[in-house]
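Each value in this text was obtained by applying a stated rule to the coordinates, not by laboratory testing. Note that the coordinates shown come from a computational prediction; the quantities given were computed from them, not determined experimentally. Heads up, the Cβs are rebuilt from the backbone with ideal geometry, glycines too, and the neighbour counts pull from every protein chain shown.
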Amino acid sequence: MGAKVIEYVEASQIYATNYIRNSKAIAVLWAIFTICYSIIVIVSFVTPDWIGDLESETGGRIGLWKICERNEMSDVCLGKLEEILEMPSMSFQIATIFAGIAVLTSLLTILCLVLMIFLKSTTVFHLCGWMQILSAISMIVACVSFPFGWNSDEFRKICSPEANRFEVGLCSIRWAYALAIIACIDGCILATLAFILATRHIRLQPDPTYSRNIGTVNNAYITDVHSIAGSRKSLNLKPVLLVTPPHLQTADDSISQFSSRNGTNHRFHNPMHHHHHHHQQFQL
């Protein structure tokens, strides 16, 4: 029983050590990808390359809050972030606002990583998970609402009059829009992983009743293995006096007791029998 308990404790401790090591590695990877997610969101927010037409002479590029028209020398970009209410399309305004929320929450998630020094990791992971959910949802709203503004005059000026909602005309989807869609998926995955790291805790510590008995041997169940492993002195055994029951006493035993009581010495006793008698009386 003791060997089985020791094996169980050793196996559980090895599993707990491996789990803690793996969970720390996953947490580090989660933090790295959280920083990468913030970079992706910021780049897609500030880059005017969501939709564009780079082949025609009158083409250009369109972002969330910036429109760049092609000129003879270079592109001329119009639009400022502080002029968000002056955008020609309500859909572009909504997309810009929610993309800005996604950027803000992603940056707050990075700042919350510093709180692990002061708070429990479970609390920090829960907080970061909720903020990443909010960031991912905001980015999804921005990506979905952006095509509803493709029927505006500014959009058709660059992508031809055939452009309409969910129809880009002569333009094509650029890398910034694809990066924003990837950010939506990345944010959902990171939020799920944050909640997993916050809620998954193992309790592999052995039961107290087992841990107290580890390494102890019950003296009543000493086997030959324990006798070979250590002497009786190492097992802290005391000598035991063995007394023959009265109904098993022989005549010689009665005579020995009578003679010892009267102080007489019976020389006719067999020495071998006397030695065997004392060997039965005492256990050294």
**Study point:** For residue 162, net neighbour charge (Lys/Arg +1, Asp/Glu -1) across residues whose Cβ lies under 13 Å away
**Key:** +1
Review point. Dipole of the range 2-199, Cα-centred, from +1 at each Lys and Arg C-beta and -1 at each Asp and Glu C-beta, to the nearest 20 debye?
Key: 920 debye
Point to revise | Relative contact order %, the range 2-199, counting alpha carbon pairs below 8 Å whose residues are six or more apart | key: 26 percent
